[in-house]
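Participant: My questions all concern the structure below.
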Amino acid sequence: LGYSYTPNLHFEGSYIRRFVTYDSLDNYNVPQEFHSNIITLEGWYKKESYKFYFSEGYKIAAAVDQEFWRTDRAPGVNLVRININQGFEMPRQQALQTSYNLSCLTGGDKRDALKSGRRYSKGKGLRGIPDGGYFTDVVATMSLDYQFPLHFTKYGVWTAAPFGDFGRINDYLSRHEDLWQKAYGVGSYFFLTGVMLPGVGLVAGRNETF
């Protein structure tokens, strides 16, 4: 359920009925199955204009997940997510893109930890982290991408983009320490003309932390 207050300001809410089951594994104890209810409230504000193959301007988004009526009697999960994306036009049709992300989890238990590879725990700022690379309650990241157009066609544009990802991950479950995420590399993307969608491409790089 959503409502656009203005073309630049949007709010929405959703309800999820959550069912969690576990498969047996050798001689390990199987956690208790449970179900719960989650209400999500989110909104975003954006001030963007389309330029060549990217959006110039910014978009700020925030969301809150609240879990309640959980049958295993564990505390309900509270998850707050904040995302800020910015795009800057640079000389010669180049572009600087930045992204800032924060996910903060309270409540729940170890089964509810934020995990790499899951929803809200992947993408820019977290490139090069394998699935299951961390189990945490706080992830704060930033990323920088600099797009160089290589070739324009009537269908779109090819670009090359060196990038850097940085962040702090409070990995209290698997490593019992704060991880300072550092990754860098280069990507190559194809952006369709006149379509405000992410480009399709390949990324190669190195993650110094994982």
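The values are calculated or read from the model by the stated rules, or taken from the named source; none is laboratory data. Everything quoted here is computed from the prediction, not taken from an experiment. Cβ atoms come from the backbone with ideal geometry, glycine included; neighbour counts cover every protein chain shown. For the accessible areas, the whole protein counts, side chains as well, though only heavy atoms, and no ligand, DNA or RNA atoms are used. Shrake-Rupley method; radii C 1.70, N 1.55, O 1.52, S 1.80 Å.
Participant: Considering only Phe135, Pro75, Ala63, whose Cα is most displaced toward the positive end of the charge dipole of segment 43-169, charges sitting on Cβ of Lys, Arg (+1) and Asp, Glu (-1)?
Facilitator: Farthest along the dipole direction, towards plus: Ala63.
Participant: Shifting gears a bit: Given segment 65-210, what count of lysine pairs have C-alpha atoms under 19 Å apart, with each pair 8 or more places apart or on different chains?
Facilitator: Close lysine pairs found across segment 65-210: 4.
Participant: Run the numbers on the chain and let me know its relative contact order in percent, using alpha-carbon pairs under 8 Å that are six or more apart.
Facilitator: 13
Participant: Can I ask one more? Less than 14 Å Cβ to Cβ from Thr98, Lys/Arg counted +1 and Asp/Glu -1: what total charge do the surrounding residues give? It would help to have the intermediate numbers written out before the result.
Facilitator: On the way: positive: Lys59, Lys124; negative: Glu48, Glu56, Glu89, Asp145, Asp165.
Charge balance near Thr98 sits at -3.
Participant: Expressed as a whole percentage, what fraction of the accessible surface of the chain belongs to carbon and sulfur atoms when a 1.4 Å probe is rolled over the protein heavy atoms?
Facilitator: C and S fraction of accessible area: 59 percent.
Participant: Where is the GNM fluctuation largest for the chain (alpha-carbon springs, 10 angstrom cutoff): Asn27, Asn85, Asn37?
Facilitator: Asn27
Participant: Taking the chain as a Gaussian network, where each spring joins two C-alpha atoms under 10 Å apart, which residue of Ser36, Ser24, Ser14 fluctuates the most?
Facilitator: Ser24
Participant: Let me ask something additional. Could you work out which residue, out of Thr159, Thr40, Thr21, moves most in a Gaussian network model of the chain, that is, has the largest mean-square fluctuation with Cα springs under 10 Å?
Facilitator: Thr21
Participant: Oh, and also: With contacts defined as alpha carbon pairs under 8 Å and 6 or more residues apart, what's the relative contact order of segment 78-170 in percent? Working shown, then result.
Facilitator: On the way: 191 pairs, mean separation 25.0, N = 93.
It rounds to 27 percent for segment 78-170.
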